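These notes concern the structure reproduced below.
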Amino acid sequence: MCGITGEIRFDHQAADATAVGRMAQVLQPRGPDAGGSFQQGRVAFGHRRLKIIDLSERAQQPMVAPELGLTLVFNGCIYNYRELRVELEAAGHRFFSDGDTEVLLRAYKHWGTDCVQRFHGMFAFAIHERDSGRVVLGRDRFGIKPLYLSVSADGMRLRFASTLPALLAAGDVDTAIDPVALEHYLMWHAVVPPPRTLLRGVRKLPPATVRVYEADGRMQETRYWNPPFATDPTLAALPYKERERMVQVALEQAVARRMVADVPVGVLLSGGVDSSLIVALLARAGQKDLNTFSIGFEAANGEQGDEFRYSDLVARTFATQHHQIRIDGQTMLAHLPDTIHAMAEPMVSYDNIGFYLLSREVSQHVKVVQSGQGADEVFAGYHWYPPLAESNQPVDDYARVFFDRDPEEYLRTVSEAYAAPGASRSFVARHFAQPGADTPLEQALRLDATVMLVDDPVKRVDSMTMAWGLEARVPFLDHELVELAARLPAQDKLSDGGKGILKAVARSMLPREVIDRPKGYFPVPMLKYLSGPTLDWVQDALHSPVAQQRGLFRPDYVKQLLAAPDQHITPLRGSKLWQIALLELWLQSHRL
């Protein structure tokens, strides 16, 4: 919905409003409708607004409530804000606006930091208490809305922003490469778990976290959501059809919640089960003239570049206002630099360009869309889950199917200064060992839903949609739906080739061809099989003077990848050459 930024000083110096203004300017695409700023001594906030709920000027941000002594900047949407408002009004609160921003502000005044427990939605926010000087930062359960942080070398200044590049615009950031983050990026399919980013001087507030800074800089952090991923015996004892009904009801509610808006809401329709099910549920709920959007690319190396066969079928079945977007190779290549520049962090998945160009088109029609991200991680749709259900070595087996390189290849990839592999495997091992998930499958589902999902698909969708002032909502990450899925018996999820119980729900609504099709991804063959102008562009970047001076990668390894790009593919079918090139291109795009 927006972009937020700010600076807090802990040494009684005035905050740098000019630096906050520079950060806000970078965030302008996230909030093209309006901007605002606030400064009070040692605290300055900036905001860029995308008008979705309460389109009036009363909902402008930063929102200041003098009678409460509070100032707020907020990015996201609280879907149950109307219900919360009724509760707060009953407690004596009086409102001057009609949206979710003021509800968040008054909820904090009424319930303190526990207010986040009551929110259904996606959010990142900062609240300043005038009288105490306290600043509170919060992020939603799945980190759907980002929050990046930078602390000065002396620890006396904190800056935050919705994107990493916005922090760079303020200056005074340590831009050296974090070796541990680099290892995560190259080993774990570009997943860099919080609090790290690839830059030493930038960190991320973890999801499901509230962090409180006192006026003197003392900090306290609370993780407010950590559900168990384990079969509930009470659920398991119910008839399967009853569990199926429970999933359908929870999904219906999740989709309905994400229709809350004062502007039309569309759907990104890939043609897979997940996005098609969203369309079906909205149609069953009586939604008329729903705008749906699909994108396709040129075929390459014998691999099809679109899934229009399925998305067209769904659009016809539910009589949507469907928009089919075809992208040729020349157009894709022309927009790759802008796509990379729009990334909050380097993200290697090919569908970045798909989401970027799709969002460009969608933003001309609607400001809000629902999207199917998260269903595979929540309902065990990926191919690596069934083997893990029988694994005796879960960490090794997870790494074998998900990691892009083994430790030996990693040592051949990076220069000696970064040759210390093991961080990613150790992270997975520690996460698997935490209580609350007893079996290898449950441990993998918890890791993917709470870490991998946050810093790969979710981050990707937010970056690419918000680059065009488009808000994406993800009903499969409704926390009540996820809590239910986490408690289901494993076989409910593993059956029918994965996502079994979700497919069972879909069979009463969707054409059989959509449900029983081979699993699809966002196909962009020209980036998987690099050749021609795209390969030339990648080669120029990796051989450029700035890349040579940076010296991240061993020259002989780069030469090997460039000689035969299509022979160096990761277990997840990604290009190892594109992975290292993307990192270098992102760094160059931001003049790092």
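Multiplying the residue separation of residue 174 and residue 57 by 0.36 nm and removing their Cα-Cα distance gives an extension gain of 38.3 nm. One chain, two ends: residue 134 and residue 364. Fully extended at 0.36 nm per residue, the span grows by 78.7 nm beyond their Cα-Cα distance.
With all protein chains in place and a 1.4 Å probe, the accessible surface of the range 1-103 carries 50 percent carbon and sulfur. The Cα atoms of the range 314-381 cover 37, 30, 23 Å along the three principal axes, with the biggest extent listed first. Local charge for residue 229 was computed over the other residues whose Cβ lies under 13 Å away, with Lys and Arg +1 and Asp and Glu -1, and equals -3.
When the residues 418, 398 are ordered by accessible surface, computed with a 1.4 Å probe over the protein chains alone, the sequence from largest down reads 418, 398. Residues 383, 335 ordered from highest to lowest accessible area at a 1.4 Å probe: 383, 335. Note down the net charge around residue 310, summing +1 for each Lys or Arg and -1 for each Asp or Glu among other residues with Cβ under 9 Å from its Cβ. Result for the neighbourhood of residue 310: -1. Translational diffusion of the range 163-274, estimated by Stokes-Einstein from the Kirkwood radius over alpha carbon pairs at 37 °C in a medium of 0.692 mPa s, is 171 µm² per second.
Residues whose amide H lies under 5 Å from that of residue 271, counting only those 5 or more places away or on a different chain, are 276; hydrogens are built 1.01 Å from N in the peptide plane. Using the average count of surrounding beta-carbon atoms within 10 Å as a protection proxy, the listed peptides 140-147, 117-124 rank, highest first, as 140-147, 117-124. Based on protein heavy atoms only, the range 433-589 ends up with 35 Å² per residue of surface accessible to a 1.4 Å probe.
In this calculation the C-beta distance from residue 483 to residue 87 is compared with R0 = 25 Å, giving a FRET efficiency of 0.70. Here each label is just a point 7 Å from Cα along the line to Cβ, and for residue 548 and residue 419 those points are 2.2 nm apart. In terms of accessible area, using a 1.4 Å probe and ignoring ligands and nucleic acids, 67, 242 rank largest first as 67, 242. For the chain, a crude dipole built from +1 on the beta carbon of Lys and Arg and -1 on the beta carbon of Asp and Glu, taken about the Cα centre, is about 660 debye to the nearest 20.
The label-point distance for residue 313 and residue 429, in a model that sets each label 7 Å from Cα toward Cβ, rounds to 4.6 nm. Here are some pairs, 51/503; 51/459; 204/499; 51/499; 367/459; 109/367; which of them have Cα atoms lying more than 25 Å apart in this structure? With Cα atoms farther than 25 Å apart: 51/503; 204/499; 51/499; 109/367. Segment residue 569..residue 284, full-extension length gain: 98.4 nm, with 0.36 nm per residue of separation and the alpha-carbon distance subtracted. Protein heavy-atom accessible surface, 1.4 Å probe, per residue over the range 220-261: 53 Å².
Note on the range 264-398: with neighbouring protein chains present and a 1.4 Å probe, carbon and sulfur make up 43 percent of its accessible heavy-atom surface. With one equal scatterer per alpha carbon and no solvent term, the Debye-computed log10 I(q)/I(0) for the range 161-208 at 0.14, 0.15, 0.30, 0.32 1/Å reads -0.34, -0.39, -1.14, -1.18. The residues of the range 42-167 expose on average 30 square angstrom of accessible surface per residue, using a 1.4 Å probe on protein heavy atoms. With all protein chains in place and a 1.4 Å probe, the accessible surface of the range 464-544 carries 52 percent carbon and sulfur.
Taking 20 Å as the straight-line reach from the Cα of residue 576, the lysines in range (excluding those fewer than 8 positions away in the same chain) are 528, 559.
The values are calculated or read from the model by the stated rules, or taken from the named source; none is laboratory data. Worth saying up front: this structure is predicted, and the values here are computed from it rather than measured. Positions of Cβ are generated from backbone atoms using ideal geometry, with glycine treated the same way; all protein chains shown enter the neighbour counts. The area values use the complete protein model at the heavy-atom level, side chains included, leaving out ligands, DNA and RNA. Shrake-Rupley method; radii C 1.70, N 1.55, O 1.52, S 1.80 Å.
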